[in-house]
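K.L.:
Dropping the structure in here first, questions after.
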Amino acid sequence: MIGIIDKLQSWLKRYAFRRWPAGKKTEFTISAAFPHSDTLAIDILRLLAAYNDLSSINEWALDESRDKNSLSTLAYISLRVSKTDLHLRLLNSILHETLRTIEDFERLRSSDRILLRLNPESKAAFDRLLKIAKGQESGNTAILKLARNKLSYHYDRKTFEEGLRIHSTKGGTSYVLMLDEETPRRGFYFPLADDLRTYILDKHEDSRGIPLQLTMAVELQRLFKVFLLNTLLIYSQDKGTTFGLETVRKKE
């Protein structure tokens, strides 16, 4: 039975690639590139998983195809703001876990064969990421911990209490948006619940008054991409393959 399934999958792949463009790809032998007994290989894959997650969240958050066509102006703006806030919380949470993985990577004795060969730009990026991971930039570390431990995967009571207390000092009103006719599966939207979490994160601002959660998410992703690309190139050269990454742009 397994043999039949393998043959069917092989046929489907060949048929699909004849009918539709296959995209640019580089194949490699898994056991040669990532030996399961090699801790360094495992950590490289952990870093790649983080990169995939960050990329997918960004692509999802920037997809406006449905929103623009089916929602009223008020609903579109409200839900875009909600989606952006969730986007930032998730990004910061994944970045928090990425930095934990970078710490693990740095502790490996075998990682020296990569870290000692990083180019200057990638070494500087790695050093900055490790500095934040170790809590040496307290403002950035605090935001990552808050997003990861309180706001993204948990609905922390004390955090909501603090957010409501901040909101109450501002006065004003909020609203409930009824969405039955525009997006029945959602039904309604309650922006106050999102606002409370935003107030908590927006307490952390840079000297220009811009929320650090935004500037940090952009900067850390840039640093991570610079470090990861050079790391993969070095690692893959040792394995006898480049994964095709030599053509990847260093900067967006």
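K.L.:
In sequence order, what are the phi-derived ³J(HN,Hα) couplings for segment 160-167 according to the Karplus relation 6.51 cos²θ - 1.76 cosθ + 1.60 with θ = phi - 60°, rounded to whole Hz, with x for glycine and proline?
P.N.:
Coupling constants for segment 160-167: 5, 4, 5, x, 5, 5, 5, 5 Hz.
K.L.:
Still on this model: Tabulate in residue order the Karplus-calculated ³J(HN,Hα) for segment 229-238, using 6.51 cos²θ - 1.76 cosθ + 1.60 with θ = phi - 60°, rounded to whole Hz; enter x for Gly and Pro.
P.N.:
4, 5, 4, 5, 4, 5, 4, 5, 4, 5
Computed from the coordinates by the stated procedures, all read-outs in this text should not be read as laboratory data. Just so we're clear, the structure is a prediction, and the values are computed from it rather than from any experiment.
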